[in-house]
Amino acid sequence: MYMAIGSVEKALKIFEYVISRKNGARIQDIAQHMNLSPPAVYKHLETLVNCGYVYKEPQTHKYIASYKIVELSSIVLRNVQVREIAHPFLVDLMEKTGMTVHFAIKDGDEGVYVDKIESARTIPTISRIGMRMRLYSTGFGKAILAFMPSEELNSYLSRVKLVKHTHNTITDPDRLIHELSLIRQKGYAIDNEENEHGVKCLGAPVFDYTGNVIGGISVTAAATSFSEQTIVVVAMEVMRTAHEISKKLGAS
């Protein structure tokens with residue numbers, strides 16, 4: 001049983017490595033990276049080939065990831081009822097604010113973007129559906145943290161190292177806890193160029209029928225777009241949208 005699980009784990013790690021290589025990977029490269037013998041790597045690759053996850057390029061003898069993972073990812077996203085429920089509200093929020101809108105679901109100690117509505121009226125962003133983001137330095141993420149149960153938040157802070165990404169990133173746990181307290185009072189969070197220079201986000205939490213926070217929505221624009229008056233107006237729209245999505249998910 002243990003050997004079977006170990007074999008699956010190795011195959012998955014090989015698959016992840018192949019995906020990470022833009023132009024594919026040779027058996028020797030994988031063997032060196034994984035500290036495995038070439039015959040062992042070949043065995044796992046043949047399984048992945050037979051299942052349609054990778055293919056071998058005949059000229060270069062490199063193994064390249066197929067589009068099957070994209071197909072499976074699309075199925076997962078299609079089946080995420082939460083995203084389907086939220087989507088029209090996100091479109092409406094983008095149209096009302098003129099800002100790019102994101103919807104992220106909490107997954108472990110990070111958030112994963114499950115939807116993005118890009119606005120042509122603001123700066124382009126490198127974010128994409130499926131991208132994983134930190135919670136402590138993003139608008140939606142801080143909104144999630146602020147409304148976590150205290151035990152869960154304390155556990156998160158004990159595990160996650162607060163790494164500085166910009167001059168404004170909060171890396172002191174006590175300071176972050178204080179900010180999260182203010183976010184709970186206001187109902188929304190601001191990423192004040194804490195994740196990326198020149199970019200601000202404003203986020204609010206999304207709850208499900210159990211009353212637990214499951215994710216967050218946010219609007220993104222150039223930092224110069226967020227005047228005090230704009231923050232007041234946009235915050236109301238973001239909180240209203242998050243509330244409407246939460247109601248659709250059964251939250252009271």
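Just so it is clear, none of the values below were taken in a lab; they were calculated from the coordinates. Since this is a predicted model, take the numbers as computed values, not measurements. In this analysis, Cβ positions are derived from the backbone assuming ideal geometry, glycine residues included, and neighbour counts consider all displayed protein chains.
Against the longest principal axis of the chain, how steep is helix 228-248, in degrees 0 to 90 to the nearest 10, with axes from Cα atoms?
For helix 228-248, the angle is close to 60 degrees.
Pairs of Cα atoms under 8 Å, at least six residues apart: use those to get the relative contact order of segment 91-161, whole percent. Numbers along the way, then the final one.
On the way: 87 pairs, mean separation 17.5, N = 71.
Relative CO of segment 91-161 lands at 25 percent.
Quick check: the distance between the Cα centres of segment 182-217 and segment 8-29, to the nearest angstrom?
If we compute the Cα centre of each part, the gap is 36 Å.
Angle check, please: helix 68-78 long axis (alpha carbons) against the longest principal axis of the chain (alpha carbons), in degrees 0 to 90, nearest 10.
It works out to around 30 degrees.
What order do you get for LYS43, LYS200 when you list them from fewest to most C-beta neighbours inside 10 Å?
On the way: LYS43 14, LYS200 25.
Lowest to highest Cβ neighbour count: LYS43, LYS200.
What does the charge add up to near SER158, with Lys and Arg as +1, Asp and Glu as -1, over the other residues with Cβ less than 13 Å from its Cβ?
Working: positive: ARG159, LYS161; negative: ASP109, GLU151, GLU152.
The answer is -1.
Assigning unit charges at the beta carbon (Lys, Arg +1; Asp, Glu -1) and nothing else, what dipole magnitude in debye, to the nearest 20, does the chain show about its Cα centre? Write out the running numbers ahead of the final one.
Numbers: 29 positive and 27 negative charges, 124 e Å.
Value, rounded to 20: 600 debye.
For helix 81-97, report the angle its Cα long axis makes with the longest principal axis of the Cα atoms of the chain; keep it between 0 and 90° and round to the nearest 10°.
Between the helix axis and the principal axis of the chain, the angle is about 50 degrees.
For SER227 and VAL112, FRET efficiency with R0 = 30 Å and r from the beta-carbon atoms, rounded to 0.05? Each step should come with its number before you reach the end.
Values: r = 31 Å, r/R0 = 1.03.
Efficiency for this residue pair is about 0.45.
Between THR166 and LYS10, how high is the FRET efficiency from 1/(1 + (r/R0)^6) when r is the Cβ-Cβ distance and R₀ = 45 Å? Nearest 0.05.
On the way: r = 38 Å, r/R0 = 0.84.
After rounding, the FRET efficiency stands at 0.75.
Report the extension gain between LYS247 and TYR67 in nm, rounded to one decimal, defined as 0.36 nm multiplied by the number of residues separating them, less their alpha carbon distance. Walk me through the numbers before you get to the answer.
Values: separation 180, 0.36 × 180 = 64.80 nm, distance 3.64 nm.
Value of the extension gain: 61.2 nm.
How big is the shadow of the Cα convex hull of the chain, averaged over all directions, in nm²?
Values: hull surface 66.5 nm².
Averaged projected hull area, Cα only: 16.6 nm².
Longer than 20 Å from Cα to Cα, which of LYS200/LYS247; LYS13/LYS161; LYS106/LYS161; LYS106/LYS248; LYS13/LYS62 are they? Say none if no pair is.
Violating the 20 Å limit, Cα to Cα: LYS200/LYS247; LYS13/LYS161.
Would you mind classifying segment 132-246 by shape? Square roots of the alpha carbon gyration tensor eigenvalues, ordered a ≥ b ≥ c; an a/c under 1.5 is rounded, otherwise it is prolate if a/b is larger than b/c and oblate if not. Working shown, then result.
Numbers: a/c = 1.85, a/b = 1.05, b/c = 1.75.
Taking the square roots of the gyration eigenvalues as a ≥ b ≥ c, segment 132-246 is oblate.
Sort ARG134, ARG184, ARG128, ARG175 so that the residue with the fewest other Cβ atoms within 10 Å of its own Cβ comes first and the one with the most comes last.
Working: ARG134 18, ARG184 14, ARG128 8, ARG175 11.
So the residues, fewest neighbours to most, are ARG128, ARG175, ARG184, ARG134.
Please work out whether segment 77-138 counts as rounded, prolate or oblate from its C-alpha gyration tensor, where a ≥ b ≥ c are the square roots of the eigenvalues and a/c under 1.5 means rounded, while otherwise a/b larger than b/c means prolate and anything else oblate? Each step should come with its number before you reach the end.
Details: a/c = 2.09, a/b = 1.24, b/c = 1.69.
Oblate, because a/c is 1.5 or more while a/b does not exceed b/c.
Based on the alpha carbons, how large is the Rg to Rh ratio for segment 2-70 when Rh follows Kirkwood? Walk me through the numbers before you get to the answer.
Numbers: Rg = 11.1 Å, Rh = 11.9 Å.
My calculation of the ratio gives 0.94.
Which residues does the label zone of MET236 cover in segment 154-196, counting backbone N under 16 Å from a point 7 Å along Cα→Cβ?
Inside the label zone: 187-188.
What aspartates and glutamates does LYS22 reach when the alpha-carbon gap must be under 15 Å and sequence neighbours fewer than 8 apart in one chain are set aside?
Once the sequence-local aspartates and glutamates are set aside, what remains near LYS22 is GLU57.
Kindly write out, for segment 156-162 in residue order, the coupling ³J(HN,Hα) from the Karplus curve 6.51 cos²θ - 1.76 cosθ + 1.60 (θ = phi - 60°), rounded to whole Hz, with x marking Gly and Pro.
So the Karplus estimates, Gly and Pro as x, are 4, 5, 6, 9, 9, 7, 7 Hz.
Can you give me the relative contact order of segment 142-252 as a percent, contacts being Cα pairs under 8 Å and 6 or more apart? Don't skip to the end; give the middle numbers.
On the way: 165 pairs, mean separation 28.0, N = 111.
Relative contact order comes out at 25 percent.
For LYS43 and ILE126, what does the FRET efficiency come to when R0 = 45 Å and r is the distance between their Cβ atoms, rounded to the nearest 0.05?
Numbers: r = 38 Å, r/R0 = 0.84.
Here the calculated transfer efficiency is 0.75.
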